[in-house]
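As structure tokens, the structure follows; a few thoughts come after it.
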């Protein structure tokens, strides 16, 4: 199991690094692709677990909403602006509920699970683009987020496997408090190390706060995605990435982290 994980990382990490450095349209297309595949995996998981979800509206509004955010320059509503996002936020709720009115068998659960997929995946993950677009520190913040999560996950995995004794959550039986603590420490240390290399773009105080947030919300986000998989009886969201599962498995930490780190950066200014 370890060898496929390493091989996937050897090919995947350089590609992600190049896309982050490039920014602009290339990075935007990359994140939109991640969102689209994650929506597909979410719909597949729900189908596996016999959970009702509106597949057409999931994909339609799941892609329209981040597109509206992109063209609105990441503002949900702005005076004198185009307000695409505010419009599509309202239209998403209206559209999903209206779709259910015309189905043969009507389920409130289908409305809820569809909206969950759209906002959990499309809304939250879009903030990866918003972070990269921050000026002047967007690129270093994106690297800080991505690299810190990689290091945190690696530390939690190896320390948890070798030293872990106390189970962290019944949702993920293999996760331990010892592994979570190692991941948290690794997150703070990595964020501080990247700040030292940022040439003053990121302060040590900001980096320490970011490390704490990543160490907490990154691991919570991972467990939250596992909760969805356990609810439908699945081990992975797909087998797209050897040794890692699916795209949703690989990017699950960013569901919570992308908006948390973006607004932390914005509110810290």
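The values are calculated or read from the model by the stated rules, or taken from the named source; none is laboratory data. Just so it is clear, the model here is predicted, and its values are computed rather than measured. Here the Cβ positions follow ideal geometry from the backbone for every residue, glycine too, while neighbour counts run over all protein chains shown.
Below is a table of values for the structure above.
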item	result
Leading residue by the ranking (nearest to the chain's Cα centre (by Cα)) among those in segment 139-163 that are surrounded by fewer than 23 Cβ atoms within 10 Å (Cβ to Cβ) and touching a residue at least 40 places away in the same chain (Cβ under 8 Å)	146
Yes/no for residue 231 being surrounded by fewer than 18 Cβ atoms within 10 Å (Cβ to Cβ) and either in a strand (DSSP E or B) or touching a residue at least 60 places away in the same chain (Cβ under 8 Å) (or both)	yes
Matching residues in segment 222-239 - criterion: being more than 16 Å from residue 157 (Cβ to Cβ) and in contact with a helix residue (DSSP H, G or I) (Cβ under 6 Å, 6 or more places away or on another chain)	232, 234, 237, 238
Criterion (in contact with a helix residue (DSSP H, G or I) (Cβ under 9 Å, 6 or more places away or on another chain), at pLDDT 90 or above, within 28 Å of residue 138 (Cβ to Cβ) and surrounded by fewer than 19 Cβ atoms within 10 Å (Cβ to Cβ)) met by exactly one of 9, 15	15
Residue 237, sole failed condition from (1) in a helix (DSSP H, G or I); (2) crowded, with 19+ Cβ neighbours inside 10 Å	(1)
Any hit, segment 128-138, residues being at positive phi and either crowded, with 16+ Cβ neighbours inside 10 Å or without any contact (Cβ under 8 Å) to a residue 24 or more places away in the chain (or both)	no
Residues of segment 186-228 that turn out to be assigned to a helix (DSSP H, G or I), over 20 Å from the mean Cα position of the chain (by Cα) and either over 18 Å from residue 143 (Cβ atoms) or without any contact (Cβ under 8 Å) to a residue 60 or more places away in the chain (or both), as a count	9
